[in-house]
Amino acid sequence: QKEVEQNSGPLSVPEGAIASLNCTYSDRGSQSFFWYRQYSGKSPELIMFIYSNGDKEDGRFTAQLNKASQYVSLLIRDSQPSDSATYLCAVKSSGTYKYIFGTGTRLKVLA
Amino acid sequence: GAVVSQHPSWVICKSGTSVKIECRSLDFQATTMFWYRQFPKQSLMLMATSNEGSKATYEQGVEKDKFLINHASLTLSTLTVTSAHPEDSSFYICSALRGSSSQETQYFGPGTRLLVL
């Protein structure tokens, strides 16, 4: 059973701080990794994807991938109250079209 | 980013009626689309994978005769909930795959909220 694990939270951080969201996955054949943000009552929105080991930065967001440890994380710098949402980690294995989603981590940024 | 639309965004119907939900990729062609369902405060649940020009692949436990999927073109997939009952009330979300091979990325539509009375 391929699994993606996330801490459900809530993770509370003060405004302006760095929020660190973590995700582990079980399938070593996974090749593509995604972070989605889902506001309450809305559908998921793609924030970032990463395919290679290391860091990938996009504005205030940095995705970090460590395939040896089967670990992917998302850092949000200068967190804003508008970042308060559930963050979903998704993993796609090679040779498959399906994504395996984690259950999401709820982030609360306190003003 | 890629744009995926869904219609309608909200639907309220009586028990026993059928409801059709459309999912369109507006600025790209999508050979593969997915249909998810999400109950309040729960995770996304994949219902089926829709492939253009072929039959949909349903996940275990999802009744294919109840949730009819048609993917007649590269920009449109439809989900029909047949003989809807109150337990089918949920948030239905479609997504479309854009890109090729390892660079494929899934983009979600805004979702359709279904309430069956």
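Here are the numbers for this structure:
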{"quantity": "Test: residue in region A:70-88 that is among the aliphatic types (A, V, I, L, M) and within 12 Å of chain B (Cβ to nearest Cβ)", "calculated": "yes"}
{"quantity": "B:SER100 being modelled with pLDDT under 95 and either over 17 Å from A:TRP35 (Cα atoms) or hydroxyl-bearing (Ser, Thr, Tyr) (or both)", "calculated": "yes"}
{"quantity": "Every residue from region A:96-110 that is surrounded by 17 or more Cβ atoms within 10 Å (Cβ to Cβ) and more than 13 Å from the chain's Cα centre (by Cα)", "calculated": "A:LYS98, A:TYR99, A:VAL109"}
{"quantity": "Region B:32-60, subset of a type in the set (S, T, N, Q) and in contact (Cβ under 8 Å) with a residue 24 or more places away in the chain, residue farthest from the other protein chains (Cβ to nearest Cβ)", "calculated": "B:SER50"}
{"quantity": "In region B:1-31, the residues that are assigned to a loop (DSSP other than H, G, I, E, B) and within 13 Å of chain A (Cβ to nearest Cβ)", "calculated": "B:GLY1, B:ALA2, B:VAL3, B:SER9, B:ALA30, B:THR31"}
{"quantity": "All positions within region A:16-38 that are within 11 Å of another protein chain (Cβ to nearest Cβ) and assigned to a loop (DSSP other than H, G, I, E, B)", "calculated": "none"}
{"quantity": "Elements of type strands (runs of 3 or more DSSP E) contained in region A:44-95, each with 3 or more residues being in contact with a Gly (Cβ under 7 Å, 6 or more places away or on another chain), buried (at least 16 other Cβ atoms within 10 Å of the Cβ) and not hydrophobic (A, V, I, L, M, F, W, C)", "calculated": "A:85-93"}
{"quantity": "Residue tally, condition more than 14 Å from chain A (Cβ to nearest Cβ) and among the small types (Gly, Ala, Ser), over region B:78-117", "calculated": "3"}
{"quantity": "Subset of region A:1-15 [exposed (fewer than 12 other Cβ atoms within 10 Å of the Cβ) and outside any loop (DSSP other than H, G, I, E, B)]", "calculated": "A:PRO14"}
{"quantity": "Region B:9-19, subset in contact with a Leu (Cβ under 9 Å, 6 or more places away or on another chain) and exposed (fewer than 15 other Cβ atoms within 10 Å of the Cβ), residue nearest to B:PHE91 (Cα to Cα)", "calculated": "B:TRP10"}
{"quantity": "Members of region A:15-61 that are over 20 Å from A:LYS108 (Cβ atoms) and of a type in the set (Ser, Thr, Tyr)", "calculated": "A:THR24, A:TYR25, A:SER26, A:SER30, A:SER32, A:SER43, A:TYR51, A:SER52"}
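The values are calculated or read from the model by the stated rules, or taken from the named source; none is laboratory data. Bear in mind that the values here come from a model prediction, so they are computed numbers and not experimental data. Note that we place each Cβ from the backbone using ideal geometry, even for glycine, and neighbour counts take in every protein chain shown.
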